[in-house]
Amino acid sequence: MKSNTRILHIAPDEKFIKSANWQFEKAFPDQNHFLIYLENGAEKLKFVEPADNVEIVKVWQLDFSKLLDKIKKYDLVVLHGLKYFQSKIVLDLGNSVRFLWLFWGGEIYDNPKAFKNLMIGKESKKRFQKTSFKNRIKNSLRPIYYTIFKKSLLPEHSILKAAKKVGNVGILHKEDFDFLKKYTIINENANHIKMTYYPLEFIFKGNEDTSVNGDNILLGNSASITNNHIEALELISKLNITDQKIITPLNYGSKEYAQQIASLGKKQFEHNFEPILDFMPLEDYTKLVQKCGFVIMNHYRQQAVGNILAMLWMGAKVFLDERNTFYHFLKRIGVYIFSINKDLVSENTEAFRKLNKDQIKTNREILLNEIGIDKLEEELKLQINNILS
């Protein structure tokens, strides 16, 4: 790639962007410009750190046509996630710009028009997806509002339409890329670009020797229905839990959902259930999860990738649902990963036997080879050059 290539990154103000800036600058120094858009009246950055290559744009003050003209001057436009704002850019510019969409997951898996709740368990759906009369009225009026006042598609339709137009899709594992292609979410001719926001060196930052030292269970990663907490709690209730604590992070996501899961967990497991409802400093959180030798992530889709990788590196025994494409990726590359569906059952007396030193060492070696920064940088350079050649 020529040294004066210009790469524009269009991203919301999210914590992942710091990692992306670091990686792209390592691979393509001084060739990246980050356009961070703020929505809903936000006046300043919350997660992204100010830098020479970071520009803030307030969506409600924007001249959209001028922005489109500006975007056309770049050699490559990297979309971090695919929210409504980004989807409008794709639909307006079409094939006149080379796009690389770094897939986050939620923009499709949480889209009600994409999979129709394929990612949510039966009991979770029954308990948490009741639509109130007020919301039914609101949903019936939304199409009229977007047609008349916004003169555009509904956000969920706009995102799905844009997803089919992007020629390059960045996801760590090809299993997820193939899943999206199977369900015709992305273009059948789209290219898979291997990319993750979680190189090991960025996750640990000098704490590479951190390891688990307890028998507690880490359950889920957030107060989100796609964690399928109800189904997971029912499963755990059939296992031989004695002194183990069930550490459940619920401090990110829906507060109402968090309170309900906390109440259910306490009712089922009493003092063994420890919900995390409030913000915790990173150091305190790390100490807490270090006591978790076992991890249950009951997502039916890729989610909590950074959390899973971190716990694997620390030596935890991780259980994932076999509907989750990330399970199949880890299985394919040889990581010691375990199935909620097959390995976490009451008849399996080995379920809560910790990984041994050799298994932990193997997991670390494989992960370092797959998502170490040197490997990722090498692959990123090659793939971006291929897009632009």
Which pairs do you get when a residue that is closer than 15 Å to Gln303 by Cα, found in segment 107-118, comes within reach of a residue that is among the small types (Gly, Ala, Ser) and open to solvent by 20 Å² or more (accessible area, probe 1.4 Å), reach meaning Cβ atoms under 7 angstrom, with the pair 6+ apart or on two chains?
Ile108/Ala114
Cβ-Cβ below 9 Å, separation at least six or inter-chain, first residue in segment 247-262 and on the phi > 0 side of the Ramachandran plot, second open to solvent by less than 10 Å² (accessible area, probe 1.4 Å): which pairs?
Gly253/Ser222; Gly253/Ala223; Gly253/Asn227
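Looking at segment 104-124, which of the residues that are closer than 28 Å to Ser87 by Cα and in a helix (DSSP H, G or I) is least open to solvent (accessible area, probe 1.4 Å)? Write out each step before concluding.
Going residue by residue through segment 104-124, those that are closer than 28 Å to Ser87 by Cα are 104-120.
With the extra rule that they be in a helix (DSSP H, G or I), the set shrinks to 106-109.
Details: Gly106: 28, Glu107: 23, Ile108: 0, Tyr109: 17 Å².
Looking at residues that are closer than 28 Å to Ser87 by Cα and in a helix (DSSP H, G or I), I get Ile108.
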Does any residue in segment 162-184 that is within 14 Å of Arg301 (Cα to Cα) come within less than 8 Å, Cβ to Cβ, of a residue that is among the charged types (D, E, K, R) and not in a loop (DSSP other than H, G, I, E, B) six or more places away or on a different chain, and which pairs are these?
Glu175/Arg332
On the basis of being assigned to a helix (DSSP H, G or I) and open to solvent by less than 50 Å² (accessible area, probe 1.4 Å), does Phe24 make the cut?
yes
Identify, by number, the condition in (1) touching a residue at least 40 places away in the same chain (Cβ under 8 Å); (2) of a type outside the set (Val, Ile, Thr); (3) open to solvent by 70 Å² or more (accessible area, probe 1.4 Å); (4) farther than 20 Å from Ser389 by Cβ that Arg6 doesn't meet.
(4)
Right, Asn240: touching a Lys or Arg at 6+ places or on another chain (Cβ under 6 Å), in a loop (DSSP other than H, G, I, E, B) and either open to solvent by less than 60 Å² (accessible area, probe 1.4 Å) or over 30 Å from Glu283 (Cβ atoms) (or both) or not?
no
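Can you tell me which residue in segment 186-215 is nearest to Leu368 (Cα to Cα), limited to those that are hydroxyl-bearing (Ser, Thr, Tyr) and crowded, with 16+ Cβ neighbours inside 10 Å? Steps first, please.
In the first step, residues of segment 186-215 are kept if they are hydroxyl-bearing (Ser, Thr, Tyr); the result is 196-198, 210-211.
Filter once more, so that each one left must be crowded, with 16+ Cβ neighbours inside 10 Å: 196-198, 210.
On the way: Thr196: 13, Tyr197: 14, Tyr198: 11, Thr210: 15 Å.
Looking at the filtered set, the residue picked out is Tyr198.
Working carefully through the options Gly315, Gly334, find the one that is farther than 24 Å from Thr226 by Cα and surrounded by fewer than 20 Cβ atoms within 10 Å (Cβ to Cβ).
None of the other options fit; the residue is Gly334.
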In segment 317-348, anything modelled with pLDDT of 95 or more, of a type in the set (Val, Ile, Thr) and out of contact with any strand residue (DSSP E or B) (no Cβ under 9 Å at 6 or more places or on another chain) is listed as Thr325, Ile333
Can you work out which of the residues in segment 254-272 that are over 15 Å from Asn298 (Cβ atoms) and among the small types (Gly, Ala, Ser) is surrounded by the fewest Cβ atoms within 10 Å (Cβ to Cβ)?
Ser263
Being open to solvent by 50 Å² or more (accessible area, probe 1.4 Å) and not charged (D, E, K, R) is the filter here, so list the residues in segment 52-67 that pass it.
Ile56, Trp60, Gln61, Leu62, Phe64, Ser65
From Val77, Val57, Val48, grab the single residue that is more than 16 Å from Lys381 (Cα to Cα), not in a loop (DSSP other than H, G, I, E, B) and not small (Gly, Ala, Ser).
Val57
In segment 338-389, the residues that are open to solvent by 40 Å² or more (accessible area, probe 1.4 Å), more than 29 Å from Lys238 (Cα to Cα) and small (Gly, Ala, Ser):
Ser389
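Yes or no, residue by residue, for (1) part of a loop (DSSP other than H, G, I, E, B); (2) in contact with a Ser or Thr (Cβ under 8 Å, 6 or more places away or on another chain); (3) at pLDDT 95 or above; (4) not charged (D, E, K, R):
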residue	(1), (2), (3), (4)
Arg353	yes, no, no, no
Asp358	no, no, yes, no
Ile366	no, no, yes, yes
Asn369	no, no, no, yes
Asp374	no, no, no, no
Glu377	no, no, no, no
Gln383	no, no, yes, yes
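The values are calculated or read from the model by the stated rules, or taken from the named source; none is laboratory data. Source: prediction; values computed, not measured. A quick note on method: Cβ atoms are made from the backbone with ideal geometry, for glycine too, and the neighbour counts reach across all protein chains shown. Protein only, heavy atoms only, side chains kept; ligands, DNA and RNA dropped before computing areas. Shrake-Rupley method; radii C 1.70, N 1.55, O 1.52, S 1.80 Å.
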